[in-house]
Amino acid sequence: MNTKVYGHRGCMGTYPENTLVGFMQAIRQGVDGIELDVHMTKDREIVVIHDEFLDRTTDGTGFIKDLTLAEIRRYSAGVMFSHYDQFVDQWRLEQVPTLQEVLVLLKPYSIELNIELKTTKFTYTGIEEAVHQIVQAYGNNRKVIYSSFHLPTLLRMKRMDPNADIALLSKGKLSHPHEYMDCFHLEAIHISKDAILNNVTNWKALLPSLRAWTVNDTNDIKQLLDLRVSAIMTDFPEKAVFYRSERKSFV
């Protein structure tokens, strides 16, 4: 099995995270998939941003749930990354994108998409249905994986669409992980790279069903490629793609 490379929040090691410019850069670097995060605004729009609030990644402030899309659009999603080497003034014009805008951007490209529903702090009533409708309308039949740390969110997605691919996010060891896969009909488990590398035996039987996050260290990338996990999620997709290609050359 060929381990896939997913751009974590796009290409967040070198480009503004969860932005259209970052997603495009990840595509240029040869990713097999994109990982992103979604929240719901006050006016029930689905926006792509990691945190429950604007403060860290934009020059705005406030919780996503308390702001309308128009209010969120007033702020730059790129200016906070002006310390990056690749920074250009054009980044100042980046806005928090909607999920619909991201899907439209991805339309010409046959890459997978991992949508993490950020529902551990706020439940965002109806977010599952809203996300599902957007994907149905604009997903272009691409492979979409819905992930969350919040299991009820995933079960709601599965009830809504029995064919949906759902993946449980976990930071640490799960006892009898195969039972999670079977009982909840998971397509995969998205597990921290340390949980895998610190206890390979626990995960050995499920390695082809694991996507590891967030894998940036060169040695970690190489080890997980050798273990043949399903995918590596990384802030530096170009590096992971390079080491995967390097390994192929020796086969």
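The values are calculated or read from the model by the stated rules, or taken from the named source; none is laboratory data. Quick caveat: nothing in here was measured; it's all calculated off a predicted structure. Backbone-built Cβ (ideal geometry, glycine too); neighbour counts: all protein chains shown. We work out accessible area using only protein heavy atoms, side chains counted, and drop any ligands, DNA or RNA first. Shrake-Rupley method; radii C 1.70, N 1.55, O 1.52, S 1.80 Å.
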* Asked: Ordered by residue, what ³J(HN,Hα) values in Hz, to whole numbers, does region 130-139 give under the Karplus form 6.51 cos²θ - 1.76 cosθ + 1.60, where θ = phi - 60° and Gly and Pro are x?
  -> 5, 5, 4, 5, 5, 5, 4, 7, 10, x
* Cβ-placed point charges (K, R +1; D, E -1), dipole of region 143-214 about Cα centre in debye, nearest 20 -> 140 debye
* Asked: Quick one: Karplus J couplings for region 38-54, per residue in order, coefficients 6.51, -1.76, 1.60, θ = phi - 60°, nearest Hz, x for Gly and Pro?
  -> 10, 9, 10, 7, 4, 9, 6, 8, 9, 10, 9, 7, 7, 7, 6, 9, 7
* To do: Report in % the part of the accessible area of the chain that belongs to carbon and sulfur, leaving out ligands and nucleic acids; probe 1.4 Å.
  => 49 percent
* Structure fact -> The set of residues whose placed amide H lies less than 5 Å from the amide H of K4, leaving out same-chain residues fewer than 5 positions away, is A231, I232
* Can you figure out the FRET efficiency of K204 with E246, using R₀ = 25 Å and their beta-carbon distance, to the nearest 0.05? => 0.55
* To do: Among DSSP beta bridges lying fully in the chain, give the percent that are antiparallel, nearest 5.
  => 15 percent
* Quick one: pull the percentage of alpha-carbon pairs in region 9-116 with a separation above 19 Å. => 39 percent
* Using alpha carbon centroids, what distance separates region 47-88 and region 119-168, in Å? -> 23 Å
* Could you give the semi-axes, largest first, of the ellipsoid that matches region 166-229, computed as the square roots of 5 times the alpha carbon gyration tensor eigenvalues and rounded to whole Å? -> 20, 11, 10
* Tell me, rounded to the nearest percent, the portion of alpha carbon pairs in region 66-170 spaced more than 23 Å apart. => 40 percent
* Straight-distance crosslink candidates among aspartates and glutamates, where the alpha carbon sits under 19 Å from K173 and sequence neighbours closer than 8 are dropped -> D182, E187, D194, D220
* Which of L174, I232, L151, positive extreme of dipole for region 129-251 (C-beta unit charges) -> I232
* For region 11-145, accessible area per residue (1.4 Å probe, heavy atoms of protein chains only), Å² -> 44 Å²
* Asked: At K222 and V88, where each label point lies 7 Å from the Cα along Cα→Cβ, what is the point-to-point distance in nanometres?
  -> 3.4 nm
* Considering only N216, N114, N18, give the residue with the highest GNM mean-square fluctuation for the chain, with springs between Cα atoms whenever their separation is below 10 Å. => N216
* Structure fact -> A student applying the Cα gyration tensor rule (rounded when a/c is under 1.5; otherwise prolate if a/b is larger than b/c, oblate if not) would label region 57-97 prolate
* Working from the pairwise distances between different alpha carbons, so that the mean of 1/r is found and then inverted, what is region 1-60's Kirkwood radius in Å? -> 12.3 Å
* **Cα-Cα P(r), region 133-199, percent of pairs per 5 Å interval** => 4, 16, 26, 23, 15, 9, 6, 2, 0
* Once phi is turned into θ = phi - 60°, what whole-Hz ³J(HN,Hα) does the Karplus curve with 6.51, -1.76 and 1.60 give for every residue of region 75-80, x standing for Gly and Pro? -> 10, 8, 9, x, 5, 6
* Asked: For the chain, what is the mean residue ellipticity at 222 nm derived from helices alone (per DSSP H run of n ≥ 4: -39500 (n - 2.57); sum divided by total residues; nearest 500 deg cm²/dmol)?
  -> -9000 deg cm²/dmol
* To do: Answer with one residue from Y109, I127, Q90: the one whose Cα lies farthest towards the positive end of the charge dipole of region 78-131, charges on Cβ with Lys, Arg +1 and Asp, Glu -1.
  => I127
* Gained length - L155 relative to N2, 0.36 nm times residue gap less alpha-carbon distance -> 52.2 nm
* Zero-based 5 Å bins, Cα pair distances in region 110-226, whole percents -> 2, 11, 21, 21, 19, 14, 8, 4, 0
* To the nearest 20 debye, what is the magnitude of the charge dipole of region 90-245 about its Cα centre, counting +1 on the Cβ of each Lys and Arg and -1 on the Cβ of each Asp and Glu? -> 100 debye
